[in-house]
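See below for the structure under consideration.
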Amino acid sequence: MSTFPGPKVFAIGLPKAGTVSLARALSDLGLRAIHNPWAFYKQILEEADFLWCPNQWDALVHFGTRYYAQLDLHYPNSLFILNTRSKDAWLDSCDRWWQKRADAGLNQDPDTFLSNMSTFGTRRFHRGQFGDVFDQHHQAVLSYFNGSKSSRLLVLSLGDTKKEQTLCHFLGRDLPSPDYVYPLKNANPKEGQ
């Protein structure tokens, strides 16, 4: 796949806000998208180094929730996508996801622990704490991208029925095909759905 001719793209929404679907959509649009780049997380935490193999990717997804201001400085004119969904639906999905992971014993590995602690301040789901993180994150992102930076932020909601057109317009790309439908990946439905 060729290099995307535009600026770097960072999806800075929280987990369980359609990150896997967004990574797929960006790939479908011709970007070299990487979902959840652990090596870059570790490099930032251990060395405070924000330059990571920039010739090997066009978009990073499920990344940058805490570092969007620094990424903005290190990657001038980059674009940012705040992938999101309604707070209640997000909290419900997080509750189900964290419970499934706990039941399977998957919340104990060091990478998951590091990610959960750096994003949520806890390894386990706590509705109140997660809700506070959701509110604080959205408020901080919208505040940072206020004014002259607002054209470089797309707030992309899972509830948007025309996500594919919204995303293409923001990136200045055409739909991959006239009948292209935004992908749904890694869904976490309620029992019985």
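The residue pairs whose first member lies in region 162-178 and is part of a helix (DSSP H, G or I), whose second member is of a type in the set (D, E, K, R) and loosely packed, with under 15 Cβ neighbours inside 10 Å, and whose beta carbons are closer than 9 Å, counting only pairs six or more residues apart or on different chains, are Cys168/Asp174.
Please indicate, with yes or no, whether at least one residue in region 30-48 is modelled with pLDDT of 90 or more and over 16 Å from the mean Cα position of the chain (by Cα). Checking region 30-48: at least one residue is modelled with pLDDT of 90 or more and over 16 Å from the mean Cα position of the chain (by Cα).
In region 120-133, the residues that are closer than 15 Å to Ser93 by Cα reach residues that are of a type in the set (Val, Ile, Thr) and loosely packed, with under 15 Cβ neighbours inside 10 Å with C-beta atoms within less than 8 angstrom, at least six apart or across chains, in these pairs: Gln129/Thr122.
Restricting Val133, Val155 to residues that are assigned to a helix (DSSP H, G or I), surrounded by 13 or more Cβ atoms within 10 Å (Cβ to Cβ) and not basic (Lys, Arg) narrows the list to Val133.
Annotation note: Cβ proximity below 9 Å between a residue of region 94-106 that is over 21 Å from Gly13 (Cα atoms) and free of Cβ contacts under 8 Å to residues at least 60 places away in the same chain and a residue that is among the polar types (S, T, N, Q) and part of a helix (DSSP H, G or I) (sequence gap 6+ or interchain) occurs for Leu106/Thr112. When restricted to residues that are closer than 15 Å to Pro7 by Cα and loosely packed, with under 14 Cβ neighbours inside 10 Å, region 163-178 contains 2.
The values are calculated or read from the model by the stated rules, or taken from the named source; none is laboratory data. The model shown is predicted, which means the values in this text are computed figures rather than measured ones. Cβ sites come from the backbone with ideal geometry, for glycine too, and all protein chains shown count toward neighbours.
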